[in-house]
1. Report yes if Phe107 is under 19 Å from Thr31 (Cβ atoms), among the aromatic types (Phe, Trp, Tyr) and under 19 Å from the mean Cα position of the chain (by Cα), otherwise no.
2. Condition first: closer than 26 Å to Asp112 by Cα and surrounded by fewer than 13 Cβ atoms within 10 Å (Cβ to Cβ). Now tell me which residues in segment 66-90 satisfy that.
3. In segment 130-162, which residues are among the hydroxyl-bearing types (Ser, Thr, Tyr) and modelled with pLDDT of 85 or more?
4. Mind listing whichever residues of segment 128-149 are among the aliphatic types (A, V, I, L, M) and surrounded by 15 or more Cβ atoms within 10 Å (Cβ to Cβ)?
5. Just to be sure I understand, how many residues within segment 43-82 are at pLDDT below 95 and among the aromatic types (Phe, Trp, Tyr)?
Amino acid sequence: MNTLIKSSLVFLFIIGITGFAQAQKFAYVDTDYILKNIPEYNMAQKQLDALSKQYQAEIEEKVAEVERLYKAFQTDAILLPADLKKQREEEILTKEKALSQLKRDRFGRDGDLFKKRQELVAPLQDKVFNAIKAYAEQKGLSIIFDKASGATMLYANEKLDKSDDILQSMGYTPGEGNATESDED
């Protein structure tokens, strides 16, 4: 009798879970696709790319300077008195430390490029998130997955992809701001 009751409870539990799962509404979006179809995002990316190239050139210039100092030191080291030798070594070390600091300042976790990305891209990401949230509430969706976030989707029915709907709800036309290879050069 006891096993019959347990079996019945398990059966009812499974039916309840199945009914609950069927009541859920799912959809997915591709935030990379959405962002690439927003002209402001593409402009922000171009600004960030240009800034990154500028910072990289600045760093490469400093690297070349340190290399020149080091090569000159190696060439002159045999002829230099000990005090002058030590002075030049310290100068090279100071330049190397400054170079490391410059790299952190430009490309580090809280560096200039990161701050600029936050300034330009974060508001657009927030706008997309708010549009997705509003869409989900309007359509009564329980869960919206992001295809771009690395979530593993073994299969996705294209009817559930709501990326174009999100773009349209934000006032953009799908395909309008999509960057092409020639745009990036």
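The values are calculated or read from the model by the stated rules, or taken from the named source; none is laboratory data. Bear in mind the structure is a predicted one, so any value in this text is a computation, not a measurement. In this analysis, Cβ positions are derived from the backbone assuming ideal geometry, glycine residues included, and neighbour counts consider all displayed protein chains.
1. When the stated conditions are applied, Phe107 does not pass them.
2. To start, the set of residues in segment 66-90 that are closer than 26 Å to Asp112 by Cα comprises 66-67.
Listed by number, the list holds a single entry, Glu67.
3. Scanning segment 130-162 gives a single hit, Tyr135.
4. Those that are among the aliphatic types (A, V, I, L, M) and surrounded by 15 or more Cβ atoms within 10 Å (Cβ to Cβ): Val128, Ala131, Ile132, Ala136, Leu141, Ile144, Ala148.
5. Going through segment 43-82 one residue at a time, the tally reaches 2.
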